[in-house]
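Chemist: One structure follows; several queries about it will come next.
What follows is calculated from the coordinates using simple rules that are stated; it is not laboratory data. None of the values given here were measured: they were computed from a predicted structure. Glycine also receives a Cβ, built like all others from the backbone with ideal geometry; neighbour counts cover every protein chain displayed.
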Amino acid sequence: MTNEQNLINFLYSNVKKRILSDRECTMQVSITKAAKLAGVSRTTLYNDMNSGKLTFVSSGKNKKLLDVAELERVYGSLTLDAEDRTSNSAKSEQKQTKTTEQAPVLVELAVLRERLDTLEKERARERDQLVERIEHLQESLNKAQENQTKTTLLLEHYTKEGSSSDNWQKAIKALEEKIQSQEKANQEEKSKGFFKRLFG
C-alpha cells in the first residue's frame, strides 16, 4: 500500500464513523441491515435481543427494528456493508487515477508559471535599466547645453569689451582647454561600462 492509499483508508474510516454517528445513529434499521453493520449473524442478533442485551423496537406485523446507536453500544464500531465498501473503493481508485493523470499537467503548469515569473522579473529589470540610461543621457545633454551657453556668454562678453588681442587669445585658449576637458570627460564617461557609470 502506498502512503496515499493509507491516507485514503484512514480518512475513509474517520468519515465512515462520522457518517454513522451523524446520520445512521438517528436511524432504525432492519435485522438484516443491522447484522451487516455490526458484522455479526442474524442469529446472534436474535439471541442478544431475546436475552435483553440488545434492545429493539417493534413495528407493525412483528417487524423488529434496531437503533444504530444501540448496535454500536453493544458491538462497538460498525462497518459499512459490502456494497458501500465496493462503491467507496471504486471511488477511491477513480480519485487516485485522476490524481495520477493530473500530476504531469500540474508539474508542467508549475514550470510554466515559474518561467512566466522569471520573464516578468527580467522585463522589469531591463525597463529599469533603460529608464536609468535615459536619465543619465538627459543629464549629460543638459550639462553639455549648459557649457555651450556659458561659452557663448563668455565670447559675447569679450566681444563687447573689445579687449586687446592678448586677452582675446587667452580667452580663446581658455575656451579651447575647457572644451577639450569637457570632451575628454565625455569620452571617459562613454568608455565606462553601463554598471560602472551606474554605480560609480
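Chemist: Round to the nearest 0.05 the FRET efficiency obtained for residue 130 and residue 186 when R0 = 25 Å and r is the Cβ-Cβ distance.
Modeler: The computed FRET efficiency comes out at 0.75.
Chemist: Which residues' amide hydrogens lie under 5 Å from the amide hydrogen of residue 28, considering only partners 5 or more residues apart or on another chain, with H built in the peptide plane?
Modeler: none
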